[in-house]
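Report on one structure; see the data block that follows.
Quick note: the coordinates plus some simple rules give every number you see, no bench work behind them. The structure displayed is predicted, hence computed values, not measured ones. Heads up, the Cβs are rebuilt from the backbone with ideal geometry, glycines too, and the neighbour counts pull from every protein chain shown.
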Amino acid sequence: MRKNNEFFRTKFLRLSTCFLVSVASVSSLLLSASCSDDDNVPPDVTKKNPTTFIKDAEKVAMLRSMKDVDGSGRLYEINYTADYKLDDVLKSGFTETN
């Protein structure tokens, strides 16, 4: 009977030690990952208006048709007239989505 109790006691000690080590390692990983100094990086500021790179007249007209619908800057309306990727897909003759 005594050997049986010692077996369960050592098995319990091994399991509890493994559990504590795994909890300690996971918590140290989480703590080290959450303590970064990326908050001090200044934001990237666009110095040029990206619409100046668009040369197609249809796309420029589409961008100029953009209107702020609700006045808060969160909902916009645009006359969607030019989509070069959609045109390429239609020309290639795909019939399925996958």
Filtering trypsin sites (Lys or Arg not before Pro) in the stretch 60-95 by DSSP loop and by at most 11 other Cβ atoms within 10 Å leaves R74
Leaving out same-chain residues fewer than 8 places away, which lysines sit with a Cα under 29 Å from that of K91?
K55, K59
